[in-house]
Structures are given as structure tokens and as C-alpha cells.
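Working notes for the structure below.
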Amino acid sequence: MTMKGPERPLFDVEEMEVSFGPQHPATHGVLRVQMKLDGERIVEAKPIIGYLHRGTEKLFETMTFPACIPHTDRLDYVNAAHNNQGFCVTMEKLLGISIPPRAAYLRMILAELQRLASHLVWFATHAVDIGAITPFFYTFRERDDILDLFEEYCGARLTLNCMKIGGLPFELPEGWLDRCAEFVDAFPSHIDEYETLLTTNRIWKKRTIGVGVISPEDAIDMGLTGPPLRGSGIEWDIRKVFPYDRYDEVEFDVPTGTNCDTYDRYLVRVEEMRQSTRILRQCLEKLPEGPIMAKAPKVLRSPEGMVYGSVESPKGELGYFIVATENGTEPYRCRVRPPSFVNLQSLPKMVEGSLVADLMAVIGTLDIVLGEIDR
Amino acid sequence: MWVDAAVIGIKLVAVVGVLLMTVPIMVWVERRGSALIQDRLGPNRVGPAGLLQPFVDAIKLLIKENLIPAGVDKLLFVLAPTIALVVALSLFIAVPFAVDDGLELVETPIDGFIVAPDLNIGILYIFAIASLAVYSIVLAGWGSNNKYALLGGIRASAQTISYRLAMTLSVVGVIMAAGSLHLTQVVTSQSGVWLGFLPRWNFLIQPLGGIIFIVAAFAETNRLPFDLAEADSELVAGYHTEYSSMNFAAFFMSKYIHMVTSAALITVLFFGGWQIPWISLPGGWMGAGLSLGVFSAKVVFFLWLFVWVRWTLPRFRFDQLMALGWKIMLPLAVLNFLWVGVAMASGILT
């Protein structure tokens, strides 16, 4: 049958606009995704950010270098140790301070424990987004053990403020290393336990394999770092390529994926947890005696200059770019390069053309924290 | 005449009472059971072991304001939870739950432990009424004037079409084996042994049909892994996003009553109802009590299965459920009833 006149569909086809978030249980904070839906299919998805903006970068300009550190805690609030470490590493680069080996190793221990804690939060929320609620309680059980260790060390559980420019603020409490070693020894069996719930689960595989695919080229073009980049098969880890503290002295592998999808990123992160326990074990063995602070003046005065330093946070490359004035006691400008912010821009590419349910899988797999995106 | 009415009335009150009572108990089981699975305690403050928690929750829901948002279709908005509850409650009246050989109550025959005694099309009745349940979800989704609710409603309608065909076809095998749509006869046809030693339960004769029916029952009750219509991490609360107070409670209760009915149907259709394998029940009131206990035990097991699965598995995606229903379960259900036909024709199953 041939149609006469202008070709018209039988019904008017209209796209539905849904503003997903910022008040939504699955957006990991106050992310808003403006979507155009054709039935359940996502035609267009646009992340809208800024609901958690606190002007942290501007605040940095008004306070002395050491006073900035507590503010870095609030960037990626499930991952304070790396935020502290990134800022300290960058400042040490600017001031030309090299920290004593014991301090470096302790920093690595704290950072890797924090990586485990952060990945456990990712594991829990990712699973809940896809409908499996029980892993949440399993991972938070071990996360609590890690937070207990942190609390014992610095008094705080989330906003740690546990590092200083030039070293560490406190020596370890008595018996802390034993308790840490006990935890590290037990942890791999817990990873196995989490994996029994999801890794071979057919529904889990169905929901994650082939979902949120991003090609290695696109991943590089968009500046992705961390597990989203490694899930696309690119071996890139700041700890390996630009080692800071003493990461060049420990052995670990950088896991990568092959299929560039959500399932591979899941496997990459799970393997990273195993590698973290490996690093922790080596650090605990090698931990030298000695001072925990480098010789640094009481009042830090910067030389004139610009410096960029970065660390591998659980989410990707966390960088600080600091502009300092001659004899200044505070940053002239401090720009944070948050991994979540950069990783989030791949969201439209990953979800457009797929179903609403895949959006949850992709938000989960990007592992974003809005505190660090909005700053 | 009035005695007959009284007997039916007593049965009706007892069944509805028990059904409504299972809701708070199941809520408690669900919360304590999920706590057990998730390595935590669950509610344990109100009453012994937290048993009174669901009642307190119900009172809280009762005294909350019944909010009807602006812009909703008021009629549909109020009608939807009503349909949900009415459908859920009227399903169980066709389910026989204990053996009865001529027992009498005030010199009137009880006519079986079932509210509707002479319902010789029990299976048909249950499937017909149960299909109405989807209207409550679709109407709630449509009437709420909320995009998430609408998506939930659309999902529910697509889901219903996908699993219900397979579910119905899987029961065809049972109907063939029993030679009747009468649920009591379906149960009696499962007495005795098959091939000399196996209990003659439909699940053992036609395991494929049984598995398909159980899987479809999860979709029927809108629970994980098929809770797409309310998928809380995707659609906030799906079709009942806008509901509060007793309107919400109606949906909530209907979900749990559906669970009980589905568990009872699995028991009746595939697990021999109140039959104990290899043992024949005594007669009289003792047999009635014993069979009631056996039936309840089986139902409790399947109720626990529902809870267990919900707190273990992730959620299917909407298109994957449709693919599962149409491409896997439907052909397998056809295969199942072919097998029953062949078995009956060749005399393996008589």
C-alpha cells in the first residue's frame, strides 16, 4: 500500500521529559539527570550538577596551606584520605619537602584502607541500584571495621584530616598495626563472600554485560581516569606511572578490562580491592621506624610558582593545581581536578539509546560523589 | 437455609481474618528474615522479638493524612488501591486448604474447607480474577499524574502479558493430569504414588511446569527479581509513588495477600496440597486438622522462599523479563504440556 500525502505516523509520537533527581534515591547525592524518554528508551540524558556547590576552591584562597586540608576532606566525602594525600603531595612538591619513609608508608596504609572503604561503598550502592540489597550490609560491615581503624588513629571516621604537609600529624596508637594486619588478613575472604552474591549471578551479568560501553578511544578523549578508563582496557594508574609517596617500592598489578562495559569495571574494582590488600600487606611488612614529620618550618611560606600534583584516588586521578605567590601563606588559586567530575561527562555517551534501568547501572559504575563534582 | 449461609459466613470470616492477619505476620517475617540474611537484627523493640512492629506501623499509616495530590484523576486514584485489595482478597475464596470427607458443623455439611464449595472452575476463576490485579497498577500509574508512576504502570502491563501466558500454559499440564478445573480434585489427583515410589505430586511429574509456575508467581506478586513496576532505585516507588496513608496500605496489604495466595496455589497445583507423601490421612476432624497443618507448613515454606529470593537476587531489566517470558518460559510451558500429553497417551501417567 502506498501512502498519499505527507507521511504521518498513526499516532503522535511525543518524547517524555523526565527530570531524574536531584531528589531521587538512586542518584548518589544530588545529581540531576534531565532525560528525554521514548517509552523506556533514553533519547537524551544531560547531567546537571551544582546542587552541592560550597565554594571550596574559593575557600582555599582565604586560608593558610595547612588549614586547607580539613576542607579537602569534604570533597569526596567517602574518601577523605586520598583528598588529604593529594593536597599534601602537591604542597610538598611546591615547597620541595621530602617526607620521611615511615610517614610515606603510613600514608600508603591509610590511603589503601581508604581505597577499600571507598570501593566497598561503591560495591554496596552499585548493587542496590541494580536491585540487590543484601551486599550493602555485607560490605558496610567491613567498611565499619576500616572506619574503626581510622577512628582509632585520628578520631574521625569520615572527615579524617589525617595527613599534614610534610608527613603525618600523629604516631600510631599502640597495637594499631596488629589490628590492621588482622583486618588485612581477613579481608580477601570477605571479598570472596561478596563475589558469591554477584560475580556469577546470571541476573547481575545480564544487567551489567554490554551496558554502558565506552570505547578506549572515547575514554581517553573524555579524559576518564580510574576504573572507568581501566575497564576499557587501558593500563593507567597514577601510582604506577607517576609514583608518589613510596608506591614505587611496592608490588601490585593494575587490573584492566576487555569489554569496556559495566561488568568489566565491576571486575576491575573487585580486583583492585585484592591488589590493595596486597599493597597493605607489603606496607605493613616494610614499615620502617623513624620520624613521621619532615623538617618543615612552623609557618609554611611558598615560593612563587604553579604546581600540579595528583594521586590515584579510588575514583580516578585526583589532581590539585596550586598557584602560589612569593612568601605567601595561602594559595593564590587552588583548582581541584576531581575524577568524578570528569568521569561523569561520559554518562550521556554511555546511556543514550539504552533503557532507564541501565542509567542506574551506569551511575553506579561511574562511582560518582557529588561533593567532589560540585566542590 | 440460614445455616448454610452461616457456615459459608463462618468460613468467609475465618479465611479473610486469617488472610488479613498474615499480612502483619509476613511483614514481620520479611523484616526479621531479611535481617537474618543481611547479618543484622531487624525490628526487635516493639513487643516480643518485635512482633508488634507491623501493628504499630499499621496504626501509624491509619492516622496519617490521606493525601491526594493536586492534578490527579481522583476517581482512578482512589479506585486503584480498592481494586488491588478487593482482587487480592477475593482470590483465596477458591483455594481449598484442608481435607473434608463429609464433616458437619451444626448438622450442616461443611462442603470442603473452601469458601466457595461448588466452584468447579476454581482454576479458571483464580486466573480470571488475578488478571484484574494489573488494572490497579495501571490505573494507579495513570491516575497519579506522575511520570515515574506512569512508567511503573506501563511496565506492569507489559510484564503481565509476558509472564501470564507462560503461567497459564504451565497450569494446562496440571488440568490435564487432574482432568478437572476443580481445585479439590486437583489435590486429590495428586494422592498416591507414581512409578511405584514417587509421590504423585505434579511437581515431580511435570517439574518444568512447576518451575515455570513458581517463577511466574514471583512476577505475579511483583517481587524481586521482577519488581519492575515499583523498582525503588529506578522509579522511586513506581506506581504507588504518590500514595500515602491507607491508600498506600491497601497496595501494601494486597502485595502480601497475593504472596499468600500464590504460595497456596503453588502448593495446591504442584505440591499435592495437604497430602503427605506415602501416608494417607485419617478421616474426621483429626484428618481435617492434620491436613490443615500440612497445607500451612507447605505455604509457609513457599512464603519463606519468596522472602529468601527477594533479599538475594538483583532485579531484572524490563526488556529482559519480556524476553524471558516470551522466548524461554512460553516455549518451555508448551513443551511441558506436550510432555504431559505424551505421558498420558503412552500410559506413563494414568
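The values are calculated or read from the model by the stated rules, or taken from the named source; none is laboratory data. Since we're looking at a predicted model, the values are computed, not measured. Heads up, the Cβs are rebuilt from the backbone with ideal geometry, glycines too, and the neighbour counts pull from every protein chain shown.
Here B:ASN146 clears all of (1) within 14 Å of chain A (Cβ to nearest Cβ); (2) within 21 Å of the chain's Cα centre (by Cα) except the condition numbered (2).
Just one of (1) crowded, with 21+ Cβ neighbours inside 10 Å; (2) in a helix (DSSP H, G or I); (3) within 11 Å of another protein chain (Cβ to nearest Cβ) fails for A:ALA132. It is (2).
Is one or more of the residues making up the range B:93-104 part of a loop (DSSP other than H, G, I, E, B) and either within 14 Å of chain A (Cβ to nearest Cβ) or of a type in the set (Val, Ile, Thr) (or both)? Scanning the range B:93-104 turns up at least one residue that is part of a loop (DSSP other than H, G, I, E, B) and either within 14 Å of chain A (Cβ to nearest Cβ) or of a type in the set (Val, Ile, Thr) (or both). Just to verify a result, which residue in the range A:11-29, among those that are modelled with pLDDT of 80 or more and crowded, with 18+ Cβ neighbours inside 10 Å, is farthest from the other protein chains (Cβ to nearest Cβ)? Checked the range A:11-29; the qualifying residue farthest from the other protein chains (Cβ to nearest Cβ) is A:PHE20. Out of A:LYS240, A:LYS205, one residue alone is away from every other protein chain (no Cβ under 14 Å) and either surrounded by fewer than 17 Cβ atoms within 10 Å (Cβ to Cβ) or over 18 Å from A:HIS119 (Cβ atoms) (or both). It is A:LYS240.
What residue, among those in the range B:237-296 that are surrounded by fewer than 16 Cβ atoms within 10 Å (Cβ to Cβ) and hydroxyl-bearing (Ser, Thr, Tyr), is modelled with the highest pLDDT? Only one residue fits best here, namely B:SER244. For the range B:134-150, the set of residues classified as of a type outside the set (Phe, Trp, Tyr) and in a helix (DSSP H, G or I) consists of B:VAL134, B:SER136, B:ILE137, B:VAL138, B:LEU139, B:ALA140, B:GLY141, B:GLY143, B:LYS147, B:ALA149, B:LEU150, listed by residue number.
If the condition is being closer than 22 Å to A:ASN327 by Cβ and surrounded by fewer than 18 Cβ atoms within 10 Å (Cβ to Cβ), then the range A:67-96 contributes A:ALA67, A:LYS93, A:GLY96.
Condition (residue is within 14 Å of chain B (Cβ to nearest Cβ), in a helix (DSSP H, G or I) and under 20 Å from the mean Cα position of the chain (by Cα)) applied to the range A:144-159: is it met by at least one residue? So far as the range A:144-159 goes, yes, one or more of its residues are within 14 Å of chain B (Cβ to nearest Cβ), in a helix (DSSP H, G or I) and under 20 Å from the mean Cα position of the chain (by Cα). Restricting attention to the range A:350-374, the residues that are surrounded by fewer than 24 Cβ atoms within 10 Å (Cβ to Cβ), part of a loop (DSSP other than H, G, I, E, B) and away from chain B (no Cβ under 12 Å) total 2.
Filter the range A:120-129 down to residues that are of a type outside the set (Ser, Thr, Tyr) and within 14 Å of chain B (Cβ to nearest Cβ), then give me how many there are. Adding up the residues that qualify gives 6.
Summed over the range B:30-41, residues that are more than 19 Å from B:LYS255 (Cβ to Cβ) and free of Cβ contacts under 8 Å to residues at least 40 places away in the same chain total 5. Within the range B:80-103, residues that are hydroxyl-bearing (Ser, Thr, Tyr) have Cβ atoms under 6 Å from residues that are assigned to a helix (DSSP H, G or I) and surrounded by fewer than 23 Cβ atoms within 10 Å (Cβ to Cβ) in these pairs: B:SER90/B:ILE129, counting only partners at least 6 apart in sequence or on another chain. Taken over the range A:44-72, the criterion of being under 25 Å from A:ALA26 (Cβ atoms) and touching a residue at least 40 places away in the same chain (Cβ under 8 Å) is satisfied by A:GLU44, A:ALA45, A:LYS46, A:PRO47, A:ILE49, A:GLY50, A:TYR51, A:LEU52, A:HIS53, A:ARG54.
Could you please let me know if B:LYS64 is surrounded by fewer than 17 Cβ atoms within 10 Å (Cβ to Cβ), without any contact (Cβ under 8 Å) to a residue 12 or more places away in the chain and either under 30 Å from A:PHE136 (Cβ atoms) or hydrophobic (A, V, I, L, M, F, W, C) (or both)? Give the steps one after another, and end with the answer.
On the way: surrounded by fewer than 17 Cβ atoms within 10 Å (Cβ to Cβ): yes; without any contact (Cβ under 8 Å) to a residue 12 or more places away in the chain: no; either under 30 Å from A:PHE136 (Cβ atoms) or hydrophobic (A, V, I, L, M, F, W, C) (or both): yes.
Answer is no for this residue.
Going by what's in this entry, would B:TYR239 be described as more than 14 Å from chain A (Cβ to nearest Cβ), closer than 30 Å to B:GLU65 by Cβ, touching a residue at least 60 places away in the same chain (Cβ under 8 Å) and not in a helix (DSSP H, G or I)? Considered against the rule, which asks whether it is more than 14 Å from chain A (Cβ to nearest Cβ), closer than 30 Å to B:GLU65 by Cβ, touching a residue at least 60 places away in the same chain (Cβ under 8 Å) and not in a helix (DSSP H, G or I), B:TYR239 comes out as no. Residues that are under 16 Å from the mean Cα position of the chain (by Cα), without any contact (Cβ under 8 Å) to a residue 40 or more places away in the chain, in a helix (DSSP H, G or I) and within 27 Å of B:LEU313 (Cα to Cα): does the range A:268-277 have at least one? Within the range A:268-277, one or more residues are under 16 Å from the mean Cα position of the chain (by Cα), without any contact (Cβ under 8 Å) to a residue 40 or more places away in the chain, in a helix (DSSP H, G or I) and within 27 Å of B:LEU313 (Cα to Cα).
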